[in-house]
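The values are calculated or read from the model by the stated rules, or taken from the named source; none is laboratory data. Small disclaimer: the values here were computed from a predicted structure and weren't measured. Neighbour counts run over all protein chains shown; Cβ positions are idealised from the backbone, glycine included. Calculation scope for accessible area: heavy atoms of the full protein, side chains included, ligands and nucleic acids excluded. Shrake-Rupley method; radii C 1.70, N 1.55, O 1.52, S 1.80 Å.
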Amino acid sequence: MIRVLLVDDQLLMREGLRKLLEIEPGIEVAGAADDGVEALDLLDRLPPEHYPHVALVDVRMPRMNGVELVARLREEHPDVAAVMLTTFDDDDFIFGGLRAGAQGYLLKDIAPDQLVDAIGRAARGETVLGGPAAERVVAALRGLPGEPPRDEEPAPLSEREFEVARLVGEGASTRDIARKLHITTGTAKNHISSCLRKLGLRDRTQLAVWAVQHAGEA
């Protein structure tokens, strides 16, 4: 059972998310708060059996905004995966949230089934980025100075691992990769872990950036 904390200053949004998630098997709403201060207070009072695995956090809220809350969660409640869910497609919020420790950044126009999938992935420790956020991150990282030339950095991956990395770069989930390559989800996860280990990367976001930079090399 994945327990989710909802943090949004709009009552209608909180209740809408609650009703959406409560009908999903395997998901339980652990609580709701209208800003970061109330969220932290709620976490301090929750018994262990009701402690959330994922927090869906809005960006603009009174008293304590989403970026500040994410930073506090990372410091005080590191077991809670914070995913920013907002209407704002803004570089300052996207990169501010990710630097603060957010597990993901999604826009509120996301489809319900995609949101449910993202919650599950975040609970498993995966980074979840909506299309616009992923594009901003990739564009920013591709523009970083000091990147080694492509021909000086051959990919130490097998053909299948490179194929998996390419799909990650296209935004495919582990389940999508397994389906497209006709392998099990567990095998897809193992390939992703092997790619990260061989390339010395931290997470799927870095692997996606690597795949974009090395497209066409295999």
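Structure above, values below:
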quantity	calculated
All lysines inside 21 Å of Lys108 as judged from Cα atoms, apart from same-chain residues fewer than 8 positions distant	Lys19
Accessible area, probe 1.4 Å, largest first, for residues Thr185, Thr127	Thr185, Thr127
Value of D in µm² per second that Stokes-Einstein yields for the chain, Kirkwood Rh from Cα pairs, at 10 °C (1.306 mPa s)	87
Length released on extending from Glu68 to Asp92, taking residue separation times 0.36 nm less the Cα-Cα span	7.4 nm
FRET efficiency, Ser158 to Thr185 (Cβ-Cβ, R0 22 Å, nearest 0.05)	0.70
Under-5 Å amide H pairs with Glu28, H placed in peptide plane, nonlocal only	Ile2, Arg3, Val4
Distance cut-off 19 Å, percentage of C-alpha pairs in the stretch 35-139 lying past it	38
Heavy atoms of Asp58 accessible to a 1.4 Å probe, total area in Å² rounded to 10	10
Fraction in percent of alpha-carbon pairs per bin - 5 Å, the stretch 1-62	4, 20, 30, 25, 15, 5, 0
Amide H contacts under 5 Å for Ala33, placed H, 5+ residues apart	Leu6, Val7, Asp8
Using a Förster distance of 35 Å, the FRET efficiency for Arg18-Ser194 (Cβ separation, nearest 0.05)	0.35
Of His191, His53, His182, the one that fluctuates the most in a GNM where the chain has Cα springs shorter than 10 Å	His182
Rounded percent of accessible protein surface that carbon and sulfur make up, the chain, 1.4 Å probe	50
Interchain or long-range residues, amide H under 5 Å from Gly104's placed H	Met84, Val128
Heavy-atom accessible area per residue - the chain, 1.4 Å, Å²	51
Beta bridge orientation in the stretch 1-141: antiparallel %, DSSP, nearest 5	0
